[in-house]
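The values are calculated or read from the model by the stated rules, or taken from the named source; none is laboratory data. Nothing here was measured: the structure is a model prediction, and the numbers come from that model. Quick reminder, even Gly has a Cβ in these numbers, built from the backbone with ideal geometry, and neighbours come from all protein chains shown. These accessible areas exclude ligands, DNA and RNA; they are computed on the full protein's heavy atoms, side chains included. Shrake-Rupley method; radii C 1.70, N 1.55, O 1.52, S 1.80 Å.
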Amino acid sequence: AAARDLVAELDDGALRVVADVARDTHGSWGVIAAFDKTRAPFILASICEHVVPLATQQNGCRVVQAVLKAAAQGGMDIGAAVSGLIAGGLEHLATHSFANYAVQVALRHASAPQREAMANELLPRLLALSASKHGSNVAESVLSLAQQPQLDQMCETVFGPLGAPAVPPGDALRGLMEHPFGNYVLQTLVRRVAEPRRRADAIDK
């Protein structure tokens, strides 16, 4: 009860105070502790309302990650935050030095339909993400969580049609193999290939 009374000091009814405190180096830890203790809905609502500006700020991103993870694990709906990230330019956020971590947390904890929506937005940009230090981490997360039809489509893009000869140097496959970040994305894709013929074809190429 005492914790709820203390945390209520952050509730201004307009969802601004939590976001302001979350941007502060010390305040960010206070917001995380407040939500861990109380699961106060207004804190989650504020994070959802300001998810993009918070995700792109060092301290705010820490709060977004912690609150979304704790909320999802507690059975609370984080759909508004995921929708905000999608609407806020997912590719840009995925390659951002701070926001990429928020995108990864959202991918792991979003509902299945929203995870699929995020994957559908990011997978067509996988090669561009793979060439980015921060985006490559998101690319690996997307591949780790992608459904089989999405993986099949990426295999077509990277390895070409099943059984077809290897395409010449300079293609998507060679580009990933030789890239300092992209090669990790390629390893993740190969690990996710479950169909034996497709896997053998990918390794052969």
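Restricting to region 58-68, name every residue that is over 11 Å from Tyr101 (Cβ atoms) and open to solvent by 60 Å² or more (accessible area, probe 1.4 Å). Hits for region 58-68: nothing passes.
Could you tell me whether region 136-146 includes any residue that is over 21 Å from Ala81 (Cβ atoms) and more than 13 Å from the chain's Cα centre (by Cα)? So far as region 136-146 goes, no, none of its residues is over 21 Å from Ala81 (Cβ atoms) and more than 13 Å from the chain's Cα centre (by Cα). Taking region 139-162 as the range and being open to solvent by 70 Å² or more (accessible area, probe 1.4 Å) and either part of a helix (DSSP H, G or I) or touching a strand residue (DSSP E or B) at 6+ places or on another chain (Cβ under 7 Å) (or both) as the test, the residues that pass are Gln148, Pro149, Asp152, Gln153, Glu156, Thr157.
Among the conditions (1) within 15 Å of the chain's Cα centre (by Cα); (2) aliphatic (A, V, I, L, M); (3) not in a helix (DSSP H, G or I), the only one that Ala194 does not satisfy is (1).
Which of the residues spanning region 77-95 are open to solvent by 50 Å² or more (accessible area, probe 1.4 Å) and more than 13 Å from the chain's Cα centre (by Cα)? Residues satisfying the conditions are Asp77, Ala80, Ala87.
Of the residues screened, Val63 is not one that is free of Cβ contacts under 8 Å to residues at least 40 places away in the same chain, in contact with a Ser or Thr (Cβ under 7 Å, 6 or more places away or on another chain) and of a type outside the set (Gly, Ala, Ser). Of the helices (runs of 4 or more DSSP H) contained entirely in region 47-114, those carrying at least 3 residues that are among the polar types (S, T, N, Q) fall at 58-73. Give me the residue from region 21-46 that is in a loop (DSSP other than H, G, I, E, B) and over 22 Å from Ala94 (Cα atoms) and, out of that set, least open to solvent (accessible area, probe 1.4 Å). Applying the filter and picking the extreme gives Ala40.
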